[in-house]
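Here is the structure we will look at.
The values are calculated or read from the model by the stated rules, or taken from the named source; none is laboratory data. No experiment lies behind these values; they were computed from the predicted model shown. Cβ placement follows ideal geometry from the backbone for every residue including glycine, while neighbour counts extend to all protein chains displayed. Accessible surface is based on the protein model in full, side chains and every heavy atom, while ligands, DNA and RNA are left aside. Shrake-Rupley method; radii C 1.70, N 1.55, O 1.52, S 1.80 Å.
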Amino acid sequence: MDYDVKDLQLASEGKLRTEWAARDMPVLDWIRRRFAREKPLKGKRIVACLHVTTETANLARTLQAGGADVALCASNPLSTQDDVAAHLVKNWGIPTFAVNGEDNETYYRHIHSALDLKPHMTMDDGADVVSVIHGDRKDLVRGILGGTEETTTGVIRLKAMAAQKVLLYPIISVNDANTKHFFDNRYGTGQSTVDGILRATNRLLAGSTFVVSGYGWCGRGLAMRASGAGANVIVTEVDSLRALEAVMDGYRVMPMSEAAKVGDFFVTVTGDIKVIRREHFRAMKDGAIVANSGHFNVELDIESLEKMAKKKRSVRKFVDEYTLPGGKRINLLGEGRLVNLAAAEGHPAAVMDMSFANQALSAEYLATRKKRLSRDVHPVPAEIDSAVADLKLKAMGVGIDRLTKEQEKYLAAWDMGT
Ligand code: ADE
């Protein structure tokens, strides 16, 4: 078996941590046990390009239990948990190509190595596998039934490809499932981003000014958690509706040019490029802490920061201090990569349970359909989304009411007035 991981001796630690995460993934566990009986993925080869974490390991094992051959590579050079990568190879025989801190060239070489499996399906977190296939590996397209996409940034890229009619195989947008973004993007990003910032800096949030850039699901979750820890939250937005929502949720909203002057912490979660740029770095206070929790580090204009700085040094693990002319210091966390995965362990398993249940069930849906889907970005079927919600509630021991016959009739009627 071909693989590339840091050190196979880390496998026992990876095993323990993966088992720990599995305890909080009851929905995926239920799916895994059904997959083991029914083998809906029998004979299918799946290449997954995801953050190599304990939660992803549990997904890979679920796909394997369903009969699939799985190869895994990292969806970000800094997010790989090397012990988990070793565990996947050593204990479960899953070819894994991922080393934390790998350079760009290795990152893409690893994607190519995983693709040598000649997949029937792909799983992406940021659309890098789709992009490599649509570039150098077009030869693989004929054999591909479809793929899935985990994250907002990837979905944006894929929808642009579909709109330009260049998308060569169908994709299911797992990110758009309600049981994904309501929980993973909001509560997962909210908690894990704060976790990453605190592990990297050990700074006090209470009483600080915390700038959240972007008020999508991730921004909402992050603002909520920072505010809960006692920070004064400022939101920056380009969308008036979202800005209005942030105002009514109780936050200050202003352009980045103003926020830059007062913030102690800055986090981008927008999916766009250069949200914090030269003029903003220049306006920041001495000691400002800057991080990104969006998928790509392009949200921060790091190139300009590098050019502006007269000195750069690593001052703590995950913290690079840039000194600007005049002596002001800006602290960049995790090289601007997703701070929740670079400096912490990503979203907790309890939310990844739902995201990865959607992934596993979407893979089953692609593998067992009689007719191929069109070359477009498709939603997760509503039955899958609500099945995941039902199972999660059941696993949590939460019961809900059911409509009575009379209520059902009332909701379907238009002529029953007051
Ligand atoms: N994305 C965010 N958190 C994650 C995690 N824990 N595992 C895999 N992908 C993630």
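Taking region 124-146 as the search range and keeping residues that are part of a loop (DSSP other than H, G, I, E, B) and touching a helix residue (DSSP H, G or I) at 6+ places or on another chain (Cβ under 6 Å), which one is nearest to the ligand (Cβ to nearest atom)? I'd like the intermediate steps shown before the answer.
Restricting attention to region 124-146, the residues satisfying the condition of being part of a loop (DSSP other than H, G, I, E, B) are 125-127, 136-137, 144-145.
Adding the requirement that they be touching a helix residue (DSSP H, G or I) at 6+ places or on another chain (Cβ under 6 Å) leaves 126-127, 137, 145.
Values: GLY126: 10, ALA127: 14, ARG137: 23, LEU145: 23 Å.
Of everything passing the filter in region 124-146, GLY126 is nearest to the ligand (Cβ to nearest atom).
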field: Pairs, first within 14 Å of ALA363 (Cα to Cα) in region 31-43, second open to solvent by less than 40 Å² (accessible area, probe 1.4 Å) and charged (D, E, K, R), C-beta under 6 Å, six or more apart
entry: PRO40/GLU364
field: Only listed residue being touching a Ser or Thr at 6+ places or on another chain (Cβ under 8 Å), over 22 Å from GLY188 (Cβ atoms) and touching a residue at least 40 places away in the same chain (Cβ under 8 Å), chosen from LEU366, LEU324
entry: LEU366
message: Checking ARG369 against (1) charged (D, E, K, R); (2) closer than 24 Å to THR122 by Cα; (3) modelled with pLDDT of 95 or more; (4) surrounded by fewer than 21 Cβ atoms within 10 Å (Cβ to Cβ): exactly one of these is not met. Which one?
response: (3)
- request: Residue by residue through region 42-75, note down the ones that are within 15 Å of VAL174 (Cβ to Cβ) and of a type outside the set (Val, Ile, Thr).
  value: ALA48, CYS49, LEU50, HIS51, GLU55, LEU59, LEU63, SER75
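Could you say which residue among PHE265, PHE296 is touching a residue at least 60 places away in the same chain (Cβ under 8 Å) and over 26 Å from ASN104 (Cβ atoms)?
Values: PHE296 fails: over 26 Å from ASN104 (Cβ atoms).
Just a single option satisfies the conditions, and that option is PHE265.
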- request: Please give the number of the condition ASP353 fails out of (1) more than 18 Å from PHE210 (Cβ to Cβ); (2) surrounded by fewer than 22 Cβ atoms within 10 Å (Cβ to Cβ); (3) among the charged types (D, E, K, R).
  value: (2)
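I need the full set of residues from region 156-177 which are among the hydrophobic types (A, V, I, L, M, F, W, C) and at pLDDT below 95, in order please.
ILE156
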query: Looking only at region 280-313, which residues are part of a helix (DSSP H, G or I), open to solvent by less than 90 Å² (accessible area, probe 1.4 Å) and more than 21 Å from ARG199 (Cα to Cα)?
result: HIS280, PHE281, ALA283, VAL298, GLU299, ILE302, SER304, LEU305, GLU306, MET308
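Mind checking which residues of region 82-106 are among the hydrophobic types (A, V, I, L, M, F, W, C) and open to solvent by 20 Å² or more (accessible area, probe 1.4 Å)? Working first, answer last.
Step one: of region 82-106, the residues among the hydrophobic types (A, V, I, L, M, F, W, C) are 84-86, 88-89, 92, 94, 97-99.
Across region 82-106, the qualifying residues are TRP92, VAL99.
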- prompt: What is the number of the single condition among (1) open to solvent by less than 30 Å² (accessible area, probe 1.4 Å); (2) modelled with pLDDT of 95 or more; (3) closer than 25 Å to ASN297 by Cα that SER79 does not meet?
  reply: (2)
message: So, restricting to helices (runs of 4 or more DSSP H) that lie completely within region 161-275, which ones have at least 2 residues that are open to solvent by less than 10 Å² (accessible area, probe 1.4 Å) and within 16 Å of the ligand (Cβ to nearest atom)?
response: 189-201, 217-228
- prompt: If you go through region 314-350 one residue at a time, how many are more than 16 Å from the ligand (Cβ to nearest atom), open to solvent by 40 Å² or more (accessible area, probe 1.4 Å), in contact with a strand residue (DSSP E or B) (Cβ under 8 Å, 6 or more places away or on another chain) and on the phi < 0 side of the Ramachandran plot?
  reply: 3
